[in-house]
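**Student:** Sharing a structure below in structure tokens format, with a few things to ask.
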Amino acid sequence: MNLLEDIEFKIEDCATLDEKVELINSIKLLMHSLSPFSTEPVDCVLWIKNTLVHSNDYNPNSVAPPEMELLHHSIASDGYTQPIVTMPTDEGTREVIDGFHRHRVGKECADIQSRVHGYLPVVQIRQSQEDRSDRMAATIRHNRARGKHKVDAMSDIVVELKRRFWSDDKIAKELGMEADEVLRLAQITGLASAFADRDFSEAWEANSFTGDDNEMELIVEN
């Protein structure tokens, strides 16, 4: 019996579906550790129980009901063609970095949930990206070219990154934004947070100020 036949025999010999999935995942992880593509998350797609996969608390991407219906139709017709990007947690679960809506379809749509036996296809983000700031940036990068972002949620992320001592330049680079977009998003949450790393002049330009705060022009020195 050659190696492939031996692997096939061991998989078919599993008593339950869960045992079979666990064995297949173990084989994939071993292959991934030896693979010349081991630095690429997509090299190792695992099937994880959907009860162990949960959303993050900062995703700013929103999908309208018609788009969710189309996503469901796509997965129903074409199957899962993109895994859900996750990171492991200390509790033994997986937090979604990208693919929140694909994860929802697999959990909430009975036909899909039944077809994939209550599992979800996931990949694990690189360990270098597991810090919360890096995870948030990764989510934005994955989502920014598609869908719509909730402005308030994007603003919250920008402000949190600034509080974690990310400069405007780093935020712009990592999130694919222009510098003025970073400032606008930070302004939504408050001017103090928006300009925390800027130097201010001693003067306010208020030549036409009539009492409305929105009419004041703030001079910022770069």
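The values are calculated or read from the model by the stated rules, or taken from the named source; none is laboratory data. All figures in this text were calculated on a predicted structure; none of them were measured in a lab. Ideal geometry is used to build each Cβ from the backbone, glycine not excepted, and the neighbour counts take in all protein chains shown.
**Student:** Of V122, V85, V96, which residue is in contact with a strand residue (DSSP E or B) (Cβ under 7 Å, 6 or more places away or on another chain), in contact (Cβ under 8 Å) with a residue 60 or more places away in the chain, surrounded by 14 or more Cβ atoms within 10 Å (Cβ to Cβ) and closer than 24 Å to I157 by Cβ?
**Tutor:** Unique residue meeting the criteria: V122.
**Student:** Here's another thing I want to ask about it. D18 is checked against (1) in a helix (DSSP H, G or I); (2) modelled with pLDDT of 95 or more; (3) farther than 20 Å from P121 by Cα and fails just one. What number does that condition carry?
**Tutor:** Of everything listed in (1) in a helix (DSSP H, G or I); (2) modelled with pLDDT of 95 or more; (3) farther than 20 Å from P121 by Cα, D18 misses just condition (3).
**Student:** Pick out the one residue from V105, V116, V123, V96 that is in contact with a Cys (Cβ under 7 Å, 6 or more places away or on another chain) and modelled with pLDDT of 90 or more.
**Tutor:** V123
**Student:** Please tell me if S38 is loosely packed, with under 13 Cβ neighbours inside 10 Å and outside any loop (DSSP other than H, G, I, E, B). Give the steps one after another, and end with the answer.
**Tutor:** On the way: loosely packed, with under 13 Cβ neighbours inside 10 Å: yes; outside any loop (DSSP other than H, G, I, E, B): no.
No, not satisfied.
**Student:** Do any residues in segment 154-178 that are without any contact (Cβ under 8 Å) to a residue 12 or more places away in the chain have Cβ atoms under 8 Å from those of residues that are small (G, A, S) and not in a helix (DSSP H, G or I), where the two are at least six apart or on different chains, and which pairs are they?
**Tutor:** none
**Student:** Consider N50 carefully, then state whether it is surrounded by 14 or more Cβ atoms within 10 Å (Cβ to Cβ), within 20 Å of D131 (Cα to Cα) and in contact with a Phe, Trp or Tyr (Cβ under 8 Å, 6 or more places away or on another chain).
**Tutor:** no
**Student:** Tell me the residue from L46, L4, L30, L17 that is more than 19 Å from the chain's Cα centre (by Cα) and within 23 Å of V85 (Cα to Cα), please.
**Tutor:** Being more than 19 Å from the chain's Cα centre (by Cα) and within 23 Å of V85 (Cα to Cα) holds for just one of L46, L4, L30, L17, which is L30.
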